[in-house]
Amino acid sequence: MKITVNGNVDQKEIDSIVAEEKERLAAMGKEVGTIEISVVSSGELEVKTWAKSNVRRVRRITGYLSTADRFNDAKQEELRDRVVHS
């Protein structure tokens, strides 16, 4: 989880906000990916929270679609040997 704080915020306040956001997203079956806490004015904070994404990268090697961790040794070597063209 990544936490970004913009401004002067007490660590106790940050911990409280993080715990609240974790609980809120857990109730929806999600997990916190990033929290951004910003001081808007004295005594007022803006909290933005993003959930983790379960998007995975799928590759195609010799006609097979899969994630790279599931390729056999030959397909993983083919993946390493690829050249990026611009």
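Determine which member of the set Ser42, Ser66, Ser38 is without any contact (Cβ under 8 Å) to a residue 12 or more places away in the chain and assigned by TED's automatic domain parsing to the domain that holds Gly7.
Answer to the check: Ser42.
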Of the conditions (1) in a strand (DSSP E or B); (2) over 30 Å from Glu21 (Cα atoms), Lys75 satisfies every one except a single condition; which number is it? (1)
If you check Glu23 against the conditions, is it surrounded by 11 or more Cβ atoms within 10 Å (Cβ to Cβ), modelled with pLDDT of 95 or more and more than 30 Å from Phe71 (Cα to Cα)? no
Any residue in segment 18-33 that is part of a strand (DSSP E or B), of a type in the set (Asp, Glu) and closer than 30 Å to Thr4 by Cα? no
Residues of segment 41-72 being surrounded by 10 or more Cβ atoms within 10 Å (Cβ to Cβ), of a type in the set (Ser, Thr, Tyr) and closer than 30 Å to Ser16 by Cβ, which ones? Thr49
Determine which single condition Ser86 fails, assuming it passes every other condition in (1) assigned to a loop (DSSP other than H, G, I, E, B); (2) in the same structural domain as Ile14 (by TED's automatic domain parsing). (2)
Residue selected from segment 8-18 under the condition of a type outside the set (D, E, K, R) and surrounded by 11 or more Cβ atoms within 10 Å (Cβ to Cβ), by the criterion farthest from Thr49 (Cα to Cα): Val9
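The values are calculated or read from the model by the stated rules, or taken from the named source; none is laboratory data. Being a predicted model, the structure only gives us computed values, none of them experimental. Every residue, glycine among them, receives a Cβ derived from its backbone with ideal geometry; neighbour counts consider all protein chains shown.
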